[in-house]
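Quick notes on the structure that follows.
The values are calculated or read from the model by the stated rules, or taken from the named source; none is laboratory data. Since we're looking at a predicted model, the values are computed, not measured. Here the Cβ positions follow ideal geometry from the backbone for every residue, glycine too, while neighbour counts run over all protein chains shown.
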Amino acid sequence: MNERIIEAVTFKLAKGVSDADFLKTVAASTDFIKAREGFIARRLSKGEDGTWLEHIEWENMTAAKSASDAFMKEPSLAPMMQAIDGASAIVQHNQLQISVG
């Protein structure tokens, strides 16, 4: 059985934060996520309505939940967290069913 997990996070930026300013905070989070056990891939995209989608693939739910918990406590990621409108953020952990490409 496939244990891979897709962590999908949708969010909008905090009031007054530009896309460019937000993207400056992403490098630290990429380094953090890539160093986590069970990391496979990350994608970050933005819709026309200003909603961002972060899509991270993990080897299993344990890795996904561990990384998510650690992410929220990591001081170096505070600038990224402050750039996000927390009230708009929705986090889902879904079992991967099909992957092509």
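Scanning region 39-78 for residues that are of a type in the set (K, R), under 19 Å from L13 (Cβ atoms) and without any contact (Cβ under 8 Å) to a residue 24 or more places away in the chain yields R42, R43. Which one is surrounded by the most Cβ atoms within 10 Å (Cβ to Cβ), of the residues in region 1-41 that are outside any loop (DSSP other than H, G, I, E, B) and basic (K, R)? So, considering only residues that are outside any loop (DSSP other than H, G, I, E, B) and basic (K, R), the one surrounded by the most Cβ atoms within 10 Å (Cβ to Cβ) is K24.
One residue stands out in region 42-101 among those that are of a type in the set (A, V, I, L, M, F, W, C) and part of a strand (DSSP E or B): the one that is surrounded by the fewest Cβ atoms within 10 Å (Cβ to Cβ), namely I90. Among the residues of region 20-32, how many are under 19 Å from E48 (Cβ atoms) and touching a strand residue (DSSP E or B) at 6+ places or on another chain (Cβ under 7 Å)? Residues meeting the conditions: 1. Summed over region 65-78, residues that are under 16 Å from L96 (Cβ atoms) and in contact with a Lys or Arg (Cβ under 9 Å, 6 or more places away or on another chain) total 1. Flag: D49 does not match the condition of being of a type in the set (D, E, K, R) and in contact with a strand residue (DSSP E or B) (Cβ under 9 Å, 6 or more places away or on another chain). Among residues of region 71-85 being within 12 Å of the chain's Cα centre (by Cα) and at pLDDT 95 or above, the one that is farthest from D31 (Cα to Cα) is I84.
Here M1 meets the list (1) at pLDDT 95 or above; (2) more than 17 Å from K65 (Cα to Cα) almost entirely, failing just condition (1).
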